[in-house]
Amino acid sequence: AGESAKLGAYLAARVAGTDRDLGAAVEYYDQVLMVDPDNPELLSAASLFMLADGQGEKAIAAAEHLLDFRPDDGTALLLASVGKMTAGDYAAAAELVGAVPLTGINRLLGPLVEAWVLVGLGQVDDALLALEALSVNSSFTPMRVYHTALITWFDGRIDDAEAQFQLMLESGVSSRGVEAY
């Protein structure tokens, strides 16, 4: 019966995910994880659906547990790092984000999270240097400029932030960037 319940919940989670019913997908992944809590594939998928559904704390908990089985999983390392930042443990966050393999989407997300970890550690200039890693890909420019503006504003460098926001407007920006400005 346990295997049937697990299979049914897993299939329902997959269908809900395909249908973009995030809440249902999370609910079904929760059910299947109750039966199989140490399954790395399930933890990985569940953490992403939890995050997409706005259930950050659950996503972080699933990612932290996933690291027990896949210590080099980039997404899990980033989520766990965000969890440590949220808890105010920037040193632990720095260690986790430093282990993120910079492949795929992590070429963008790794330097972004690293920059904010460094801001939390009070190392704003190092944070701005971390964002420079995004310069290798021109499609990352809007995110680099946006986060540079936010970090310099946070640090009280209003003129520098203003210049970055202006650059952002000139290079085309999302509505979020306009709102931030």
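Considering each residue of segment 125-134 in turn, at least one proves to be without any contact (Cβ under 8 Å) to a residue 24 or more places away in the chain, assigned to a helix (DSSP H, G or I), touching a Lys or Arg at 6+ places or on another chain (Cβ under 8 Å) and not hydrophobic (A, V, I, L, M, F, W, C).
Taken together, the residues in segment 54-73 that are in a helix (DSSP H, G or I), aliphatic (A, V, I, L, M) and surrounded by fewer than 21 Cβ atoms within 10 Å (Cβ to Cβ) amount to 1.
When Asp19 is tested against (1) within 23 Å of Ala99 (Cα to Cα); (2) charged (D, E, K, R); (3) open to solvent by 70 Å² or more (accessible area, probe 1.4 Å), exactly one condition is not met: (1). Quick one: would you say Gly83 is farther than 22 Å from Tyr146 by Cβ, open to solvent by less than 60 Å² (accessible area, probe 1.4 Å) and at pLDDT 95 or above? Considered against the rule, which asks whether it is farther than 22 Å from Tyr146 by Cβ, open to solvent by less than 60 Å² (accessible area, probe 1.4 Å) and at pLDDT 95 or above, Gly83 comes out as yes. Can you find even one residue in segment 38-58 that is of a type outside the set (Val, Ile, Thr) and on the phi > 0 side of the Ramachandran plot? Among the residues of segment 38-58, at least one is of a type outside the set (Val, Ile, Thr) and on the phi > 0 side of the Ramachandran plot, which makes the answer yes. Mind listing just one residue for me: the one in segment 36-53 that is in a helix (DSSP H, G or I), touching a residue at least 12 places away in the same chain (Cβ under 8 Å) and open to solvent by 70 Å² or more (accessible area, probe 1.4 Å) and, of those, farthest from Phe69 (Cα to Cα)? Looking at the filtered set, the residue picked out is Leu51.
The values are calculated or read from the model by the stated rules, or taken from the named source; none is laboratory data. Everything numeric in this text was worked out from a predicted model, so none of it was measured. A quick note on method: Cβ atoms are made from the backbone with ideal geometry, for glycine too, and the neighbour counts reach across all protein chains shown. Please note that ligands, DNA and RNA were not included when accessible areas were found on the heavy atoms of the full protein model with its side chains. Shrake-Rupley method; radii C 1.70, N 1.55, O 1.52, S 1.80 Å.
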